Protein chains: 2
Amino acid sequence: MQKPSIPKGTRDFSPDQLIRRNYIFDIIKSKFKKFGFLPIETPSIENLSTLTGKYGSEGDQLLFKILLRGEKFKKALKNSNENSTDHDFSLEALRYDLTVPFARYIVQHLNDLTFPFKRYQIQPVWRADRPQKGRYREFYQCDADIVGTNSLICEIELVSLITEILNELNLSDHTIMINNRKILYGLVETCNSIEYFSKITAIIDKIDKIGQNKVIEELKNNIPNQSCWELFNELFSLDNSTQIILSWLSKKLASNHEGLKGLQELNYIVDNAEELGINNLKINISLARGLDYYTGSIFEVILNNHSMGSIVGGGRYDNLTEVFGQSNLSGVGISFGAERIFDLMNEFSLFPSNLGISPKYMIIDQSDQPSNGLQVLKYLRDKDISAILYPDRHKLKKQLKYANSVKIPYIVFIKDSFNSKMNIELKNMESGLQVNTDISNLN
Amino acid sequence: MQKPSIPKGTRDFSPDQLIRRNYIFDIIKSKFKKFGFLPIETPSIENLSTLTGKYGSEGDQLLFKILLRGEKFKKALKNSNENSTDHDFSLEALRYDLTVPFARYIVQHLNDLTFPFKRYQIQPVWRADRPQKGRYREFYQCDADIVGTNSLICEIELVSLITEILNELNLSDHTIMINNRKILYGLVETCNSIEYFSKITAIIDKIDKIGQNKVIEELKNNIPNQSCWELFNELFSLDNSTQIILSWLSKKLASNHEGLKGLQELNYIVDNAEELGINNLKINISLARGLDYYTGSIFEVILNNHSMGSIVGGGRYDNLTEVFGQSNLSGVGISFGAERIFDLMNEFSLFPSNLGISPKYMIIDQSDQPSNGLQVLKYLRDKDISAILYPDRHKLKKQLKYANSVKIPYIVFIKDSFNSKMNIELKNMESGLQVNTDISNLN
């Protein structure tokens, strides 16, 4: 006899949890649709070659690889030596995110797609990461992307979409942080430190966690270029106002082509969002995530006054599909962290109280004929009313306890043979009130 | 540069297909809910020990096993020899079906559950089977089960549920075949062949494919018991009428305890279903699937006059959770073959023609200011109307071609600055008709 358990980092979802999770997914999905995104799904399993090399060497190690089977396994075992790696025993793996499979999808179905292609995808992904609070090995991603246009209208659309979804989820107290890789590149270029671009951006991205002083200290310790420390120190000492930051940037980047282009993009997005009444957008030049793939706008959304970290992330990428042989396709996308949103909404009790999906009526049959209960059930269901019949002849107390535990609002007691005008007793399980009525009154 | 592809037996689902798939899932889900089933989800990955030994040795070979990682992989490699099996390199696997994970779930969450527990579960499963038409390596199962009662009301409920779902899917021309393991057992017992039970049932189950003569021939070749051949030959020669079969069975099983019990169960279900107006139930004593786990009723649903095979299967099991240490929990469940249903509905064009989920309006901005289009978009969306804005300043022809290809019903042309009474041109993409109107008339 086995004591049952599940792999660490995975979860069972019971009805109560799943109903709340689906509430989140349904809202995200309906807004994605409203904004004109179309659904796709890709397989859970991808060829290993599709996934490796796309997430850095750390990412490769977090892949759940599928073991070779049958003769292929035997052959791999026979050919193995002490230097063999897990790659020698696997040709397939579970997807690590939805972005690389989407890039693969675009290239594979290129001839069937019309661009700009707006797709959404809500599916689980798997990472063999060290499990901890809020970090799971199997979790859902909710992505929306627009591929095949470099129009900044798309960025404004995504900002509108984020706002509409988070407001609908009662998470209106959030900030959408925005940056642009080209601005970062321009700034680093103006202080002649472009060979340290990755290092510099990795350091300044930590400012939220370690503060301005430590960031400047780290820059001093790692970047042999005083003008670089000074530039970022000046930037981080600015007043936290959009106008002041934009005007500072326009001065600093005045003669830098790439930086100026980034600044124009940022300006365009901020101006138009403002005109649409979106006032939760905030420029954050230290935002430097995803610079391996983002080439323009970078987004990250946080809840105000909360330490949870980012609940939505995204950005523009010009080279997404290049690795699969298709260049010149610019795209921009966002990804909702549904797991974190779920945890937050639980923490702040933001789920509607009437999320139950129990049937409205439970029939307790006190007549002699089991067919009476079944007839009543059929009568209600034919009126498209959700109902169940307690299946056993247990004591009344046990039946009521059951109805209570699965949160049935009303009990229908029947004592006679079924007819469509029959008398029933109706018990309101919340108030305890019991009334005599005609079955045709139920709705 | 890689030429992208996906593992064999897996599929990408493009919007057109996914919308149709979701139509099926949504109907199944809404009926499951209406009948009082609550949703659960379990992890894709289960401990290998949870899955192995549950599906026979053939099933074990079809498991997608997850390769050990890091130090554990190295250790397994070091300890390996030519007799090592894939089990030495894996501790986890993708689930093979939803039934065993459900049994594991029940036992693991026993203290949180109220019985009878009615759950539904719609998730993918994985089998490393030889892919062929209609058989995939990743596919969805749609299961509904009632656990914790042996009331035959549950069987009648499931028959009603199957009927309601298939009718809603326009697959009303189907037959629900029903049998009972106890009847099979009783019949085999009356001819003193119980040691050949598995062999006999496996042979008679093939009657649909190979016909009565071949079945009797196989019985003669494999079962050294003349009364057995004669009994089944007599059964299969009966007129195909419920009454005749039931009366024959009641005579044959008159003094067989187990068989009589099965017959009573079958009678009860057939009688009550008939009273509820369900007339697509058909007794089929040769139905002998799943006898490793089914202990009572056995169901299988086929489309009339079609060679597709079973589209729904199910049955009652008394020992489902025993292997995980919990006995005395009787359950009964059904599983919809969503993939086959999808193929059938495509074949017979049974999907509604208006399943598209494209936005109703696409805005083509012919004004000078990009913000005008965004304002119109916001105006429509604030009225909860689904709309998109073509993001680029491409030629009109290209924009209209795009709208056509993603099946947008109406184009909104704007030429002026936004105001809530502004004049627009509205083009019906199907009729080609174009009218002048006020933006407030859009809905």
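The values are calculated or read from the model by the stated rules, or taken from the named source; none is laboratory data. Keep in mind the model is a prediction, meaning the values are calculated, not measured. Neighbour counts are summed over all protein chains in view; Cβ atoms, including those assigned to glycine, are modelled from backbone coordinates with ideal geometry.
Scan the stretch B:255-278 and give yes if some residue there is closer than 18 Å to residue B:335 by Cβ, touching a residue at least 60 places away in the same chain (Cβ under 8 Å) and of a type in the set (Val, Ile, Thr), otherwise no.
Quick first cut of the stretch B:255-278, residues closer than 18 Å to residue B:335 by Cβ only: none.
Within the stretch B:255-278, none of the residues are closer than 18 Å to residue B:335 by Cβ, touching a residue at least 60 places away in the same chain (Cβ under 8 Å) and of a type in the set (Val, Ile, Thr).
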Original post:
Which of the residues spanning the stretch A:399-441 are away from chain B (no Cβ under 14 Å), surrounded by 15 or more Cβ atoms within 10 Å (Cβ to Cβ) and not aliphatic (A, V, I, L, M)?
Top reply: A:413, A:425, A:427
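Find the residue count for the stretch A:170-226, including only residues that are among the polar types (S, T, N, Q) and buried (at least 17 other Cβ atoms within 10 Å of the Cβ). Walk me through it before giving the result.
Of the residues in the stretch A:170-226, the ones among the polar types (S, T, N, Q) are A:170, A:172, A:175, A:179-180, A:190, A:192-193, A:198, A:201, A:212-213, A:221-222, A:225-226.
From what's left, buried (at least 17 other Cβ atoms within 10 Å of the Cβ): A:179-180, A:190, A:193, A:201, A:225.
Looking only at that region, the number is 6.
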**OP:** Give B:26, B:60 a once-over and let me know the one that is at pLDDT below 95 and either crowded, with 22+ Cβ neighbours inside 10 Å or more than 7 Å from chain A (Cβ to nearest Cβ) (or both).
**Re:** B:60
Subject >> Subset of the stretch B:63-90 (residues that are in contact with a strand residue (DSSP E or B) (Cβ under 7 Å, 6 or more places away or on another chain) and more than 7 Å from every other protein chain (Cβ to nearest Cβ)) >> reply: B:63, B:68
Original post:
How many residues are of a type in the set (S, T, N, Q) and buried (at least 21 other Cβ atoms within 10 Å of the Cβ) if we restrict to the stretch A:296-314?
Top reply: 1
**OP:** Report yes if residue A:327 is assigned to a loop (DSSP other than H, G, I, E, B) and either closer than 28 Å to residue A:139 by Cα or at pLDDT 95 or above (or both), otherwise no.
**Re:** no
Original post:
Within the stretch B:4-18, restricting attention to residues that are at negative phi and more than 7 Å from every other protein chain (Cβ to nearest Cβ), which residue is nearest to the chain's Cα centre (by Cα)?
Top reply: B:17
Subject >> Candidate set from the stretch A:107-130 (those that are more than 10 Å from chain B (Cβ to nearest Cβ), out of contact with any strand residue (DSSP E or B) (no Cβ under 7 Å at 6 or more places or on another chain) and without any contact (Cβ under 8 Å) to a residue 60 or more places away in the chain); member that is farthest from residue A:141 (Cα to Cα) >> reply: A:111
Subject >> Flag for residue B:158 being part of a loop (DSSP other than H, G, I, E, B) and either in contact with a Lys or Arg (Cβ under 9 Å, 6 or more places away or on another chain) or modelled with pLDDT of 95 or more (or both) >> reply: no
**OP:** Exactly one condition in (1) out of contact with any Lys or Arg (no Cβ under 9 Å at 6 or more places or on another chain); (2) closer than 30 Å to residue B:427 by Cα; (3) not charged (D, E, K, R) is not met by residue B:351; state its number.
**Re:** (1)
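Do you know which residues across the stretch B:331-350 are buried (at least 17 other Cβ atoms within 10 Å of the Cβ) and either over 30 Å from residue B:317 (Cβ atoms) or among the β-branched types (Val, Ile, Thr) (or both)? Give the derivation first.
Taking the stretch B:331-350 and keeping what is buried (at least 17 other Cβ atoms within 10 Å of the Cβ), we get B:331-342, B:344-345.
The answer is B:332, B:334, B:341.
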**OP:** Considering only residues that are among the polar types (S, T, N, Q) and assigned to a strand (DSSP E or B), look in the stretch B:131-149 and name the one that is nearest to the other protein chains (Cβ to nearest Cβ).
**Re:** B:141
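Do we have residue B:148 as touching a residue at least 12 places away in the same chain (Cβ under 8 Å), touching a helix residue (DSSP H, G or I) at 6+ places or on another chain (Cβ under 9 Å) and within 30 Å of residue B:27 (Cβ to Cβ) here?
Numbers: touching a residue at least 12 places away in the same chain (Cβ under 8 Å): yes; touching a helix residue (DSSP H, G or I) at 6+ places or on another chain (Cβ under 9 Å): yes; within 30 Å of residue B:27 (Cβ to Cβ): yes.
The answer is yes for residue B:148.
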Original post:
Checking residue B:328 against (1) surrounded by fewer than 18 Cβ atoms within 10 Å (Cβ to Cβ); (2) over 30 Å from residue B:269 (Cα atoms), which single condition isn't satisfied?
Top reply: (2)
**OP:** Could you tell me which numbered condition residue A:145 fails, if it satisfies all but one of (1) surrounded by fewer than 15 Cβ atoms within 10 Å (Cβ to Cβ); (2) more than 24 Å from residue A:279 (Cβ to Cβ)?
**Re:** (1)
Subject >> Residue count for the stretch B:351-387, restricted to those that are assigned to a loop (DSSP other than H, G, I, E, B) and in contact (Cβ under 8 Å) with a residue 40 or more places away in the chain >> reply: 13
**OP:** Please go through the stretch A:354-395 and pick out each residue that is more than 43 Å from the chain's Cα centre (by Cα) and among the small types (Gly, Ala, Ser).
**Re:** A:367, A:371, A:373
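Every residue in the stretch B:299-323 that is of a type outside the set (A, V, I, L, M) and touching a Ser or Thr at 6+ places or on another chain (Cβ under 7 Å), please.
Filtering the stretch B:299-323 down to residues of a type outside the set (A, V, I, L, M) leaves B:299-300, B:304-307, B:309-310, B:313-319, B:321-322.
Within the stretch B:299-323, B:300, B:304, B:313, B:314, B:315, B:316, B:317, B:318, B:319 qualify.
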**OP:** Out of the residues in the stretch A:29-48 that are small (Gly, Ala, Ser) and facing chain B (nearest Cβ under 7 Å), state the one that is farthest from residue A:407 (Cα to Cα).
**Re:** A:36
Original post:
Considering B:270, B:323, B:312, which residue is within 23 Å of the chain's Cα centre (by Cα), of a type outside the set (Gly, Ala, Ser) and over 30 Å from residue B:427 (Cβ atoms)?
Top reply: B:312
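Could you list, in sequence order, all residues of the stretch A:5-21 that are outside any loop (DSSP other than H, G, I, E, B) and surrounded by 17 or more Cβ atoms within 10 Å (Cβ to Cβ)? Even if it seems obvious, please write down each step before you answer.
First pass over the stretch A:5-21, keeping only residues outside any loop (DSSP other than H, G, I, E, B): A:13, A:15-21.
Once the filter is applied, which keeps residues that are outside any loop (DSSP other than H, G, I, E, B) and surrounded by 17 or more Cβ atoms within 10 Å (Cβ to Cβ), the stretch A:5-21 yields A:13, A:15, A:18, A:19, A:20, A:21.
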Subject >> Close pairs (7 angstrom Cβ cut-off, 6 or more residues apart or separate chains): under 14 Å from residue A:11 (Cβ atoms) in the stretch A:336-350, loosely packed, with under 15 Cβ neighbours inside 10 Å and small (Gly, Ala, Ser) anywhere >> reply: A:339/A:134; A:343/A:134
Subject >> Residue, surrounded by the fewest Cβ atoms within 10 Å (Cβ to Cβ), within the stretch A:248-270, restricted to residues that are within 20 Å of residue A:156 (Cα to Cα) and either at pLDDT below 95 or hydrophobic (A, V, I, L, M, F, W, C) (or both) >> reply: A:260
**OP:** State whether one or more residues within the stretch A:234-247 are modelled with pLDDT of 95 or more, surrounded by 14 or more Cβ atoms within 10 Å (Cβ to Cβ) and among the charged types (D, E, K, R).
**Re:** no
Original post:
Given the conditions (1) over 27 Å from residue A:173 (Cα atoms); (2) over 19 Å from the mean Cα position of the chain (by Cα); (3) touching a residue at least 60 places away in the same chain (Cβ under 8 Å), which single one is not true for residue A:331?
Top reply: (2)
Original post:
How about the stretch B:311-324: which of its residues are touching a residue at least 24 places away in the same chain (Cβ under 8 Å) and either of a type outside the set (Lys, Arg) or not in a strand (DSSP E or B) (or both)?
Top reply: B:311, B:312, B:313, B:314, B:315, B:317, B:318, B:319, B:320, B:321, B:323, B:324
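Could you list all residues from the stretch B:114-127 that are over 25 Å from residue B:27 (Cα atoms) and surrounded by 19 or more Cβ atoms within 10 Å (Cβ to Cβ)?
First, the residues of the stretch B:114-127 that are over 25 Å from residue B:27 (Cα atoms): B:114-115, B:127.
Passing the criteria: only B:127.
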